[in-house]
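Student: Take a look at the following structure, please.
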Amino acid sequence: MTAKRDFLTLADVPADAWPGLWRRAGELKAARARGERITPLAGKSVALIFEKASTRTRVSFEVGVFDLGGHAVVLSAQGSQIARGEPIEDTARVLSGYCHAIVLRTFGQARVATLAKWATVPVINGLTDEHHPCQVASDLFTVIERHGRIDGLRYAWIGDGNNMAASWIEAAGLFGLDLTLACPQGFTPDAALVAEARARQGALGRGTVTIVDDPRAAAAGADVVSTDVWASMGQEEEAEARRRAFAGYCVDAEVMAAADPGAIVLHCLPAHRGEEISGDVLDGPQSAAWQQAENRMHVQKALLERLVG
């Protein structure tokens, strides 16, 4: 019996397996466009647990499971025994008896790690406060569609050193990417995560992770410019303070003028036009945000097929 495989961070899929997974995502995307159904999850069910609100994660997984011939069981915290204090360990064991995989969108990374420890079926991280691997895996697939490759490009992250920044840093270490992050003082990414990525890059012999406090310096010559909201879920009370701290960090036409003329702009959405990104950039020709959002479903389908199908 083979051991189950979980997907809690990007590194849970080996670096040399990602090109095949992205290739498969492209095949599944093309098949769907032709109206063809590929059903490796026929007769299988996937539990989707949402302890945080969701649009893209919920719909992309729910429709993706259906496309693969499976059945999605959606649970919100308030609509299940989780809200009444059932331990995540117990939820893991019960759902493992019903379903063939579990997706969890939650707060701390320790919570999804505990779920994975006690579950006997694959567990997928649909987002935590520390990592958002499904999103960055989809972002890199979008980069491949737009630029034809992920290597040899310059990547810029502008904004908070949050879970998205963390998964971009992990990607930089895993694939040897050149990544520059522009973050205000007090909002820089975890130093241990940066050190780990740099160590991986050293072993690969390529890639850099650089932290600056000037968005234009980060964007200079970049092929891919990414950003996210300044106040994530659970940080609403900090929104005004964060707006002040992030003044000048809007990805607007001035910032994009510093990037490569062929650069694309990524945003994991939802977006606050006029805050972290200007409306003309988000809706403009360099924006890949809508393609990026659609690609969540295709990459997650390839991931589900790998882990479950």
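Student: Is it fair to say residue 84 is of a type outside the set (Gly, Ala, Ser) and touching a residue at least 24 places away in the same chain (Cβ under 8 Å)?
Tutor: no
Student: A further question on this structure: I'd like the residue in the stretch 187-197 that is touching a helix residue (DSSP H, G or I) at 6+ places or on another chain (Cβ under 7 Å) and not in a loop (DSSP other than H, G, I, E, B) and, out of all such residues, is surrounded by the most Cβ atoms within 10 Å (Cβ to Cβ).
Tutor: 197
Student: Does the stretch 155-173 contain any residue that is part of a loop (DSSP other than H, G, I, E, B) and among the hydrophobic types (A, V, I, L, M, F, W, C)?
Tutor: no
Student: Another question, then. I'd like to check something: does the stretch 75-94 contain any residue that is farther than 27 Å from residue 267 by Cα, aliphatic (A, V, I, L, M), touching a Pro at 6+ places or on another chain (Cβ under 8 Å) and crowded, with 16+ Cβ neighbours inside 10 Å?
Tutor: For the stretch 75-94, residues farther than 27 Å from residue 267 by Cα, aliphatic (A, V, I, L, M), touching a Pro at 6+ places or on another chain (Cβ under 8 Å) and crowded, with 16+ Cβ neighbours inside 10 Å: absent.
Student: Here's something else I'd like to know. Can you report the number of residues in the stretch 121-141 which are under 21 Å from residue 153 (Cα atoms) and outside any helix (DSSP H, G or I)?
Tutor: Residues flagged as under 21 Å from residue 153 (Cα atoms) and outside any helix (DSSP H, G or I) within the stretch 121-141 amount to 0.
Student: Same structure again: Among the numbered criteria (1) over 30 Å from residue 88 (Cα atoms); (2) at pLDDT below 95, which one does residue 16 miss?
Tutor: In the conditions (1) over 30 Å from residue 88 (Cα atoms); (2) at pLDDT below 95, residue 16 misses (2) alone.
Student: Just the residues that are acidic (Asp, Glu) and out of contact with any helix residue (DSSP H, G or I) (no Cβ under 7 Å at 6 or more places or on another chain), please, taken from the stretch 165-186.
Tutor: Within the stretch 165-186, just 178 meets the criteria.
Student: When only residues in the stretch 214-251 that are in a strand (DSSP E or B) and β-branched (Val, Ile, Thr) count, which is nearest to residue 142 (Cα to Cα)?
Tutor: 224
Student: Something else: List the pairs whose first member sits in the stretch 29-51 and is under 18 Å from residue 73 (Cβ atoms) and touching a residue at least 40 places away in the same chain (Cβ under 8 Å), whose second member is polar (S, T, N, Q) and in a strand (DSSP E or B), and whose Cβ atoms are under 9 Å apart, counting only residues at least 6 apart or on separate chains?
Tutor: 49/76; 50/76; 51/76
Student: With the requirement that a residue be of a type outside the set (Gly, Ala, Ser) and either touching a Gly at 6+ places or on another chain (Cβ under 6 Å) or surrounded by fewer than 19 Cβ atoms within 10 Å (Cβ to Cβ) (or both), what does the stretch 1-17 give you?
Tutor: 1, 2, 4, 5, 12, 14, 16
Student: Can you pull out the residues in the stretch 58-98 that are over 22 Å from residue 298 (Cα atoms), in contact with a Phe, Trp or Tyr (Cβ under 9 Å, 6 or more places away or on another chain) and assigned to a helix (DSSP H, G or I)?
Tutor: Passing the criteria: 88, 89, 90, 91, 92, 93, 96.
Student: When only residues in the stretch 151-164 that are without any contact (Cβ under 8 Å) to a residue 60 or more places away in the chain and in contact with a helix residue (DSSP H, G or I) (Cβ under 9 Å, 6 or more places away or on another chain) count, which is surrounded by the most Cβ atoms within 10 Å (Cβ to Cβ)?
Tutor: Among them, the one singled out is 161.
Student: A further question follows. Out of all the residues in the stretch 268-288, which are under 26 Å from residue 58 (Cα atoms) and either touching a residue at least 12 places away in the same chain (Cβ under 8 Å) or part of a helix (DSSP H, G or I) (or both)?
Tutor: Scanning the stretch 268-288 gives 268, 269, 270, 271, 272, 275, 276, 277, 279, 282, 287, 288.
Student: While we're on this one: Given the condition among the aliphatic types (A, V, I, L, M) and in contact with an Asp or Glu (Cβ under 6 Å, 6 or more places away or on another chain), answer yes or no: does some residue in the stretch 268-279 qualify?
Tutor: No, the stretch 268-279 has no match at all.
Student: In the set 28, 104, 21, which member is touching a helix residue (DSSP H, G or I) at 6+ places or on another chain (Cβ under 7 Å), among the aliphatic types (A, V, I, L, M), under 23 Å from residue 293 (Cβ atoms) and not in a helix (DSSP H, G or I)?
Tutor: Just a single option satisfies the conditions, and that option is 104.
The values are calculated or read from the model by the stated rules, or taken from the named source; none is laboratory data. Keep in mind that what you see is a predicted model, and the values were worked out from it rather than measured. Methodologically, a virtual Cβ is constructed for each residue, glycine included, from the backbone with ideal geometry; neighbour enumeration extends over all protein chains shown.
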